[in-house]
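Have a look at the structure below before the remarks.
Readers should treat all values here as calculations from the given coordinates under stated rules, not as data from a laboratory. Computed from a predicted model, the values in this text were never measured in an experiment. So basically every Cβ, Gly included, is an ideal-geometry build from the backbone, and we count neighbours across all protein chains shown.
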Amino acid sequence: MIYPDEFLRDESKFDLVLLINVLNIMPRVGERSLVLQECFKRLNPDGHVLWYTQYGDAYYENQCTDDNRLGDGYYLGTTRRYKTFYREFSAGEIDSLMLANGFDFVESYSVPNNRVRLYRKSSLNPLRQALSKDELRSAFPLDTAIAPPAKPKPRLVQPAAGLPVVEPNPVALSHETKLLAALGETTVGRANAGKYRKLVEAILTRVLVPSRLQSTHGEQPIFSGRQRIDILGVTGKEGFFAALEGKHGIHAPYIVIECKNQTNDVGNREFAQLQQRLTDEKGHFGILVCRRINDKQAVLEHCRDAREKHDYIIVLVDDDLEKLLKLALESDIAAIDNFFEEKLSEIRLL
């Protein structure tokens, strides 16, 4: 189907969607999520999406320079009147985008110079209400006074009266902003525990993978399947988590993350549950994620008690997730490391 008209009009149901070099040639970030939301609507229960995009190809590496940057990618076709768009996605970026739009990772396939990843439709879709076609249209007003291109070289034009300069990736439609909006709209309580967990996984995957964690895995079974870890992160090769053992003496091949969508502060029960999951095999660094903290000192004392048993647990709340998303939007990796260092210092100095 041809996007957008034919694609958006069609209401057929499918078992499998093939996105082969689709989202990586779309310059509008918000539109990528819209495509995934439309795919979600058209998939049958337990339907699948195959993501297939290019990366690391020598031809594109030579073509993509600062001279032809556009938004979060590049325009190609410098000798043609009409350009095409191209960008590459890391596995972490793909996973975060798919998680937030209602798809769970199944497996990846090894194909040279391509990211090939299979996802299954989930019962939870965190961004389902976060983006509309009307919002997308209003963000990209069409100035009919601008004539079609006559020459290959791009030209700058003056904005028409009443029409602002159009950015291909406005902050209001960014993946980070939409994740934050969905978090704010998720009500506290057991009924939304699954949506909250999935949102936290999408947020931390966006912020930390692949620069600080190699990958994240949701709902990992333990104790012969009798229990599950909400999110298990595989420690990366550089940055804060990679330095935990050498710099702080904290064994952390994995990062164990538990999510609590509750009104009361995390306490004995939540810390005990997380400590039960910290082992010599998985490591001794964990993260508790909750909505807010009313008594910070009491929570820090629980962190101190865990430290006395050589388990290190930091607690993140909604405000912390907002800070991390803003740093990710600015691509400030050093500040993300500093953020976690400060959280750890609070525990070590108790």
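Side notes on the structure shown:
- Stokes-Einstein D (µm²/s) once Rh is taken as the Kirkwood radius of the range 106-255 over alpha-carbon pairs, at 37 °C in 0.692 mPa s: 167
- Per-residue Cβ neighbour rank within 10 angstrom, fewest leading, Ile293, Ile94: Ile293, Ile94
- Two-site label geometry, Ala193 and Ser90: point separation in nm, points 7 Å out along Cα→Cβ: 3.2
- Taking N as the residue count of the chain, its C-alpha radius of gyration divided by 2.2 N^0.38 Å amounts to 1.08.
- In straight-distance terms, cross-link reach from Lys83 covers every one of the lysines whose alpha-carbon lies under 16 Å from its own, apart from those fewer than eight places away in the same chain; here that gives Lys151, Lys153.
- For Asp295, Asp230, Asp265, order by how many other beta-carbon atoms lie within 10 Å, fewest first: Asp295, Asp265, Asp230
- Gaussian network model of the chain, springs between alpha carbon atoms under 10 Å - residue of Thr53, Thr235, Thr65 with greatest fluctuation: Thr65
- Across all directions, the average projected area of the convex hull around the alpha carbons of the range 5-169 is 11.1 nm².
- Restricting the range 234-307 to GluC sites (Glu not before Pro) in coil, as DSSP defines it, with at most 12 other Cβ within 10 Å: Glu238, Glu281
- Three-way shape label, the range 186-348, alpha-carbon gyration tensor, a/c 1.5: rounded
- Qualifying trypsin sites (Lys or Arg not before Pro) in the range 265-347, where qualification requires a DSSP coil assignment and no more than 14 other C-beta atoms within 10 Å, comprise Arg292, Lys309.
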